[in-house]
Amino acid sequence: MNIKDLLQNSVKKAVKQLFDKEIETADFQATRKEFEGDITLVVFSLLRYVKGNPVQIGTQIGDFLVENEKLVTKYNVVKGFLNISIANSYHLDEFYTAFPSTDFGFQKAESDTATMVEYSSPNTNKPLHLGHVRNNLLGYSVAEIIKAAGKKVIKTQIINDRGIHICKSMLAWQRFGNGETPESTGLKGDKLVGNYYVKFDKEYKKEIANLKDNGIAEADAKKQAPLLLEAQQMLQKWEAGDEATVKLWSTMNQWVYDGFGITYKAMGVDFDALYYESKTYLLGKEFVSEGLASDVFYKKEDGSVWCDLTTDGLDEKIVLRSDGTAVYMTQDIGTAIQRIKDYPNVNSMVYTVGNEQDYHFKVLFLILKKLGFEWAENLFHLSYGMVDLPEGKMKSREGTVVDADDLMAEMTNTARDISEELGKLDGYSTKEKERLYKTIGMGALKYYILKVDPKKRILFDPKESIDFNGNTGPFIQYTYARIQSILRKADFDYSFNVLDSARTDTLKTRSDNGNVNSNEVKNVFELHDKEKSVLKQLAEFPDAIQLAAKNYSPAIIANYTYDLVKVYNTFYQTVPILGCEDLDIKIFRTQLSQKVADTIKLAFELLGISVPERM
RNA sequence: GGAGGCGUAGCUCAGCUGGAUAGAGCAUCGCCCUUCUAAGGCGACGGUCACAGGUUCGAAUCCUGUCGCCUUCACCA
């Protein structure tokens, strides 16, 4: 049982007996390190129920706890804060009973209901860039966190595989491509297609310039440029199912999927279900008709269909064009409904999409509610801030993007440079080394992105490389590797509970202070301050997972792990572990180290980061 | 103009449902490898929590207003 819950009850009892008052909850917080104690009751918060001097009240409650709660050894009161010391036996007991499982803090899914987490959702006309990297890492990590918190998860994406932007790259390839393929050029498919998307824009701009030279106004030139007209025709042909167009479309899309596959693999993300816009927009149209029938939507004279959200404080929103074709909203309505049809156990959905689309999702969720879907109550837009460069926003068309593949390769290179300089990898084969460089490089990248609160904007300066020291992925990986080194060197059996009776003799001689009743709290042994801080930080892992799930925030896991590693490093630097003379303490410290390593590994799995045995 | 987000040390960020003297890392300057990996540890320096009011025993946190940056309000996605 959690220490807070335990004390919660005791404090309630105390207030009842001492002051004859019922309280709902007592406020606890971790004791600040400059005071003695493990956990602190904020007495101020009780003043609502009990009138009086907070110091006096605190003292009375403190006395009561020491007398009636076996785990409380002593207390002190500073202003309105009651600092409570908890018996070492409690910390140790928890260590041996609650922590041993290899999935400590993870909750098993108790029901079959699932959450669908959507992320990535790229357009199929250009390669993935740094913005997608943040999206993918966030979505993947949040999915893992929700799973760990005890709910089933289905990871998915919507692939934006149709529309004018796709036709642009198709047309440019047809026109200027000379039959190039990924095989013939050795280029990744998404890169090849992306090049033609850029090529289109270049040629299109040339045409506009020409038209302007011939005296046509810019706005008109943009609409009249032959390339654009041709792309629009191509879209119409595609929608009409023209065989050659559809064939080109599927060939080029396949190139892109193959390219994305490589990038996703390198990034370490995956999906359980894929949705394609080209397949769901029709269902969206169906429900627009239904919404029309049930008066959720209305039709204007020109035939376009709208949803009036002015009574909800929003604007009117178009859901179908006057020519009957679908808009973005149409397909999102269709996709959502399709997903619930396919997965009846899904009762909530998370959309990982940038914050520039906040309004879109507000409207989407509202429309789905108006259409009468119960699950529409449980939709969440995991909105994250943009990743900007020093010179501003990334623009694919203008080629000012940080390419995902390039970035990952660069991180690996940096890891290689640092590792080679340190030269600690004697005995590793080239293959093992390369694997390790990837682990470290990706660890640095992922941690760098995930440690910041999702809703905050990230400014990324390509010239200033991502750090490998301090609050970083490699710092935490390094601690893991050091612990593994200790465990490899530990040539004694550390698999048993040092508190077991077989060893009580040794332990008795080192029993804790006289406040503890040895009949009730046996097997007490003195804990070093640093050991205790590590134990306390370990015990908070389950709460961190729940909090991270509640807030959809991998940053909470990242920061938890950083704090854990910091207290462990202090411990590591302060006390000997393998060099410890007392066998019991040596065993305990080894076990404690192992548990820290296990927890780092679990926490990093939630972030999609792997840990190395050496580095 | 309407709506939303952000603003904490020179830089990058923590700060959970309001709680004690606002914390880390980087950078700068000192220490610590004949103990288990120095990608580490210890210390120093560094703050008007954008600003002004309000609520409260108590505000970086909640409310209101002002300023600054960003996003959005398309028959684009």
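Were the residues from A:LYS395 through A:ASP543 laid out at 0.36 nm apart, the gain over their Cα-Cα distance would be 49.3 nm. Straight-line reach from A:LYS455: taking Cα to Cα under 22 Å and skipping same-chain neighbours fewer than 8 places apart, the lysines in range are A:LYS147, A:LYS155, A:LYS362, A:LYS393, A:LYS395, A:LYS446, A:LYS550. Averaged over residues, the count of other Cβ atoms within 10 Å places the peptides A:189-202, A:344-357, A:209-222 in the sequence A:189-202, A:344-357, A:209-222, highest first. Against chain A, whose longest principal axis is taken from its Cα atoms, helix A:189-213 shows a tilt of about 50°. Of the GluC sites (Glu not before Pro) in the range A:1-97, the ones in a loop by DSSP (not H, G, I, E or B) with at most 11 other beta carbons within 10 Å are A:GLU22, A:GLU24, A:GLU34.
Cross-link pairs exceeding 20 Å between alpha carbons, from the set A:LYS438/A:LYS595; A:LYS532/A:LYS586; A:LYS317/A:LYS369: A:LYS438/A:LYS595.
Taking each residue as 0.36 nm, the span from A:GLU374 to A:GLU207 lengthens on full extension beyond its C-alpha to C-alpha distance by 55.0 nm. Just grab the label-to-label distance for A:LYS424 and A:LEU274, each label 7 Å out from Cα along the Cβ direction, in nm (one decimal). The answer from the label model is 4.1 nm. Relative to the longest principal axis of the Cα atoms of chain A, helix A:54-68 runs at roughly 70 degrees.
Helical runs (DSSP H, four residues minimum) scored at -39500 (n - 2.57) apiece and divided by the length of chain A put the mean residue ellipticity at 222 nm at -17500 deg cm²/dmol. Extension gain A:GLU24-A:ILE486, at 0.36 nm per residue separation less the Cα-Cα distance, in nm? Value of the extension gain: 161.6 nm. The alpha carbon centroids of the range A:293-361 and the range A:424-478 are separated by 40 Å. Overall, the range A:1-127 carries a charge dipole of about 480 debye about its Cα centre when +1 sits on the Cβ of Lys and Arg and -1 on the Cβ of Asp and Glu, all other atoms neutral.
For the range A:214-294, what does the alpha-carbon gyration tensor say about shape, rounded, prolate or oblate, given a ≥ b ≥ c as the root eigenvalues, a/c under 1.5 as rounded, and a/b over b/c as prolate? Oblate, because a/c is 1.5 or more while a/b does not exceed b/c.
Just to confirm the number: angle between the C-alpha axis of helix A:164-176 and the first principal axis of chain A, 0 to 90 degrees, nearest 10? Roughly 60 degrees, rounded to the nearest 10. Considering only A:TYR196, A:VAL133, A:MET170, the residue lying farthest towards the positive end of the dipole of the range A:111-204 is A:VAL133, judged by Cα position with unit charges set on Cβ.
Values in this text are rule-based calculations from the coordinates and carry no lab data. This structure is a prediction, so every number in the text was calculated from the model and none was measured. Reconstructed Cβ throughout: ideal geometry from the backbone, glycine too, with neighbour counts over all protein chains shown.
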